[in-house]
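Read the figures in this text as sums done on the coordinates, not as results from a lab. All values derive from a computational prediction rather than experimental measurement. Note that each Cβ is placed from the backbone with ideal geometry, even for glycine, and that neighbours are counted across all protein chains shown.
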Amino acid sequence: MEGCTKTGIMGGTFNPVHNGHLILAKTAYELLGLDKILFIPSGNSYMKKNVLAAQKRIDMVRLAIANYPQFELSLVEAERTGNSYTSETLACLTKQNPNTCYFFMMGADSLFQIESWKNPKLIFSLAKIVCAVRDDYNLEEIKQKGRQLQGLGADIIYLDMPKVDISSTEIRAKVKEQRSITDDVPVEVADYIRRERLYYEEN
């Protein structure tokens, strides 16, 4: 860890990016002493369907992080053809930046799913896992899963987080129902969604 640039990774569809993402990124940046955090919108997400076009999601992330100099937008997944796989993204980033130590951030729900991702052992070999633990999860259950994953080479950091009741699914539903999302997303993102009329016809 000595001498390397400590870079956090916030990946996801960001459909749309919201304040919960920003709170997690800010918490990790401060508590782990990171140098910067990359926000990496997925290109083709093989796990989720009916995802908004990549450029719209990229535009929203760019707006959301504009006031945070420690956050950067990365198009490493959006510019790659085919499905977006975390293992391939980390391999690409590591090749480009061999003196960087990566911290991959995820929610507790993803920790229970990561074994079904493509090449989880490669993910564990290329990044520390930062698991956001909220007070509505059973911490012992999460740590038990973590111990199991350590057997596959995982190095897991548990990050205590305030509970943030914001989800992209709920935001899309609110937009469709013409309810306010001003508490859920940065004002610039809310304006963009309204201007572009995103999610108004969501199925």
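Some points to look at:
- Computed from phi, the 3J(HN,Hα) profile of the range 155-166 under the Karplus parametrisation 6.51, -1.76, 1.60 (θ = phi - 60°) reads 10, 10, 10, 9, 10, 5, 10, x, 6, 10, 8, 9 Hz, with x in place of Gly and Pro.
- Counting only DSSP H runs of at least 4 residues, each contributing -39500 (n - 2.57), and dividing by the residue count of the chain, the helix-based mean residue ellipticity at 222 nm comes to -11500 deg cm²/dmol.
- Of Arg172, Arg147, Arg57, the one that fluctuates the most in a GNM where the chain has Cα springs shorter than 10 Å: Arg147
- Amide H contacts of Phe112 (H built 1.01 Å from N, under 5 Å, at least 5 apart or other chain): none
- Taking a point 7 Å out from the Cα of Asp191 in the direction of its Cβ, none of the residues of the range 9-30 has a backbone N less than 13 Å from it.
- Here the 3J(HN,Hα) profile of the range 186-196, calculated from phi with Karplus coefficients 6.51, -1.76 and 1.60 at θ = phi - 60°, is x, 4, 5, 6, 4, 5, 5, 4, 5, 5, 8 Hz, Gly and Pro shown as x.
- Candidates Tyr192, Tyr29, Tyr85: whichever shows maximal mean-square fluctuation once the chain is modelled as a Gaussian network with Cα springs under 10 Å: Tyr192
- Less than 5 angstrom separates the built amide H of Val130 from those of Phe104, Met105, Met106, Ile157, all sequence-distant by 5 or more or on a different chain.
- Overall shape of the range 57-137 was characterised from the C-alpha gyration tensor. The equivalent ellipsoid obtained from it has semi-axes of 21, 19, 14 Å, in decreasing order.
- Annotation note: GluC sites (Glu not before Pro) in the range 63-150 located in DSSP loop regions with a Cβ neighbour count of at most 16 within 10 Å are Glu79.
- For Lys118, the aspartates and glutamates whose Cα comes closer than 14 Å to its Cα, not counting residues fewer than 8 places off in the same chain, are Glu88.
- Proximal aspartates and glutamates to Lys128, defined as alpha-carbon separation beneath 13 angstrom and excluding residues fewer than eight positions away on the same chain: Asp155
- Rg followed by Dmax, in Å, when the chain is reduced to its Cα trace: 16.7, 51
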